[in-house]
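S.K.: Sharing a structure here in structure tokens format.
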């Protein structure tokens with residue numbers, strides 16, 4: 001556990017107990033560090049009783065409020081907390097029920113230490129294969145439900161009519177195909193953003209170009225992307241509709257590749273050097289599901305090839321999706337919510353104020 005956990009623990013637990021005595025403790029809250037967390041948890045929260053979203057900055061607060069959510073700034077003292085990142089140190093009282101989700105699909109980076117996952121009472125993963133890998137890593141809290149972020153692509157939320165209206169709102173040229181570029185954090189040692197961030201202008205004559213990068217990406221890459229004429233730099237926390245609009249994705253080792261694979265569309269990926277968090281079987285999967293390139297000079301031919309034969313790697317994509325997600329049925333958020341309700345039996349649509357939960361062991365959800 002990080003040092004701030006132990007620094008905060010004493011005073012936080014004291015205030016947590018005081019909030020309970022004053023009946024000012026929410027039954028459950030969702031902690032969202034950044035706006036993307038709100039978008040990721042939304043398909044789960046819609047199946048649960050209304051709860052506050054706990055934030056640490058105004059940008060996240062504005063986004064949550066724009067979706068009609070109730071916002072509280074940290075510190076907050078809930079009986080249970082839901083989050084999609086390792087932020088247990090902000091809720092250090094061991095009596096709090098902690099429920100975690102991945103903020104990226106599947107194991108595109110190696111697992112962190114098991115202790116970070118075992119600090120949760122339940123930590124939801126995307127499928128049985130990932131669950132097996134987690135358990136082999138010593139993670140005892142893992143549960144497999146699917147990837148809720150993709151639910152709106154399969155549950156009827158994004159109809160053809162709604163998606164077309166979204167396309168028009170972006171001002172995309174209807175006569176051009178759409179290519180989306182993505183990259184993981186440039187300091188991870190697993191990113192290829194340096195190879196394409198300044199090379200997109202020539203492609204805009206032929207394609208609609210979208211670009212999204214890891215939130216921590218250095219300004220030296222973000223600034224040229226924002227300035228390049230014809231490139232729409234995505235700052236929307238919810239990238240799913242942009243993925244649905246795109247005809248092909250260009251990436252590196254970002255887990256957004258898994259999402260696009262789940263949508264069964266052609267993928268081009270840059271080869272990146274192995275690092276300490278490289279997952280060998282993911283590299284093998286990328287060789288099967290994507291056209292592999294090394295430099296920006298290869299982009300025009302690779303994109304053209306992917307668009308000309310979009311079904312060339314379809315069988316591999318579908319097999320990979322089964323390994324990563326088990327199934328994509330638009331109900332991952334519902335499965336997660338049902339498990340949460342089983343864990344927190346005091347939580348109901350009529351009881352969302354102060355409540356002390358006794359954690360119940362959730363059912364093993366290896367089958368999704």
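The values are calculated or read from the model by the stated rules, or taken from the named source; none is laboratory data. The structure displayed is predicted, hence computed values, not measured ones. Cβ coordinates were reconstructed from backbone atoms using ideal geometry, including for glycine residues, and neighbour counts include every protein chain displayed.
S.K.: Yes or no: region 276-294 includes at least one residue that is at pLDDT below 95 and either outside the structural domain of residue 177 (by TED's automatic domain parsing) or farther than 18 Å from residue 257 by Cα (or both).
M.R.: yes
S.K.: I would also like to ask the following. Could you please give the count of residues in region 301-316 that are closer than 12 Å to residue 248 by Cβ and assigned to a helix (DSSP H, G or I)?
M.R.: Of the residues in that region, 7 qualify.
S.K.: List the number of the failed condition for residue 287; all other conditions in (1) more than 19 Å from the chain's Cα centre (by Cα); (2) assigned to a strand (DSSP E or B) hold.
M.R.: Unmet for residue 287, out of (1) more than 19 Å from the chain's Cα centre (by Cα); (2) assigned to a strand (DSSP E or B): (2).
S.K.: Hey, another quick one. From 336, 332, grab the single residue that is at pLDDT 95 or above, in contact with a strand residue (DSSP E or B) (Cβ under 6 Å, 6 or more places away or on another chain) and within 22 Å of residue 120 (Cα to Cα).
M.R.: 336
S.K.: Residues that are farther than 28 Å from residue 151 by Cα and over 21 Å from the mean Cα position of the chain (by Cα): does region 305-313 have at least one?
M.R.: Within region 305-313, one or more residues are farther than 28 Å from residue 151 by Cα and over 21 Å from the mean Cα position of the chain (by Cα).
S.K.: Kindly evaluate residue 301 against the criterion of being modelled with pLDDT of 95 or more and surrounded by 13 or more Cβ atoms within 10 Å (Cβ to Cβ).
M.R.: no
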